[in-house]
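K.L.:
Here's a structure for you.
The values are calculated or read from the model by the stated rules, or taken from the named source; none is laboratory data. These numbers were taken from a predicted model, which means no experiment stands behind them. Here the Cβ is made from the backbone with ideal geometry for all residues, glycine too, and neighbour counts use every protein chain on show.
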Amino acid sequence: MMTNLFSTFDPSTSLFNMSINWSSTFIGLLLIPSTFWFIPSRISMTWNKINSNLHNEFKTITGPKSFNGTTLMFTSMFIMLMFNNFMGLFPYIFTSTSHMTLTFSIALPMWLSFMLFGWINNTKHMMAHLVPQGTPNALMSFMVLIETISNIIRPGTLAIRLAANMIAGHLLLTLLGNTSSMISLSLMTILISSQMLLLMLESAVSLIQAYVFSILSTLYSSETY
């Protein structure tokens with residue numbers, strides 16, 4: 001029996017005192033069939049099209065000054081997050097992206113690497129970002145403080161945004177599912193219909209949140225050069 005509502009997100013499956021819930025992070029690899037490696041195939045052509053569109057999208061944001069292969073990192077991150085978000089919609093599969101352990105572990109190292117690269121190689125450029133153009137002289141010191149704080153909390157906002165959006169939809173589905181044993185048969189059809197609509201909404205949220213996380217990471221990286 002659940003001690004509280006959020007205990008549905010607790011890792012509970014273990015083997016030899018090791019939590020194996022996090023193995024669901026790699027379950028997306030099982031969905032890549034062997035036909036993917038047959039070239040040409042519809043699956044490989046679809047993925048190439050998706051990767052090409054994502055590359056063009058991220059390349060537009062990073063600009064011509066970015067290093068070659070930069071977009072590959074963000075494309076890979078988007079696909080990984082998208083797979084994990086979608087896997088969490090299936091019953092009895094651990095939703096790894098609903099935990100700050102995963103989201104913060106992705107956001108913090110990226111933000112630190114961007115900041116170290118920017119402050120070491122483009123110090124003047126990073127200093128200029130602390131004072132927006134057109135700021136009055138009287139507000140410059142105040143704007144530096146605000147920009148510094150907003151810069152520091154970026155990895156936290158990235159991690160919390162993804163985890164909170166994943167938790168919110170799952171909590172709502174859990175609440176509706178727990179009431180199914182206490183309602184009449186006539187209301188059951190309404191409940192199932194509402195859950196199907198929520199599942200469609202959560203599918204869209206899974207895709208959108210992976211895209212938002214990747215786009216914001218790309219925007220943060222573009223500010224360092």
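K.L.:
Can you name every residue in region 126-139 that is over 19 Å from SER217 (Cβ atoms) and either surrounded by 13 or more Cβ atoms within 10 Å (Cβ to Cβ) or among the hydroxyl-bearing types (Ser, Thr, Tyr) (or both)? Give the derivation first.
P.N.:
So in region 126-139, the residues over 19 Å from SER217 (Cβ atoms) come out as 127-128, 130-139.
Scanning region 126-139 gives LEU130, VAL131, THR135.
K.L.:
Six or more apart or on different chains, Cβ under 6 Å: which pairs go from a residue in region 147-161 that's of a type in the set (D, E, K, R) to one that's assigned to a helix (DSSP H, G or I) and surrounded by 11 or more Cβ atoms within 10 Å (Cβ to Cβ)? Could you list them?
P.N.:
Going by the 6 Å Cβ cut-off, the qualifying pairs are ARG154/TRP111.
K.L.:
List the residue pairs whose Cβ atoms are under 8 Å apart, where the first residue sits in region 199-225 and is within 18 Å of ASN56 (Cβ to Cβ) and without any contact (Cβ under 8 Å) to a residue 12 or more places away in the chain, the second is of a type in the set (Val, Ile, Thr) and crowded, with 19+ Cβ neighbours inside 10 Å, and the two are 6 or more positions apart or on different chains.
P.N.:
none
K.L.:
Among ILE167, ILE106, which is the only one that is surrounded by 15 or more Cβ atoms within 10 Å (Cβ to Cβ), modelled with pLDDT of 85 or more, within 30 Å of VAL205 (Cβ to Cβ) and within 11 Å of the chain's Cα centre (by Cα)?
P.N.:
Details: ILE167 fails: within 11 Å of the chain's Cα centre (by Cα).
Criteria check complete, one pass: ILE106.
K.L.:
Can you find a residue in region 187-198 that is part of a helix (DSSP H, G or I) and touching a residue at least 24 places away in the same chain (Cβ under 8 Å)?
P.N.:
Here is the first cut: in region 187-198, the residues part of a helix (DSSP H, G or I) are 187-198.
Narrowing the set further to residues that are touching a residue at least 24 places away in the same chain (Cβ under 8 Å) leaves 198.
Yes: region 187-198 contains one or more residues that are part of a helix (DSSP H, G or I) and touching a residue at least 24 places away in the same chain (Cβ under 8 Å).
K.L.:
While we're here: Could you identify the single residue in SER193, SER214 that is within 23 Å of LEU102 (Cβ to Cβ) and of a type in the set (Ser, Thr, Tyr)?
P.N.:
Values: SER193 fails: within 23 Å of LEU102 (Cβ to Cβ).
Among SER193, SER214, only SER214 is within 23 Å of LEU102 (Cβ to Cβ) and of a type in the set (Ser, Thr, Tyr).
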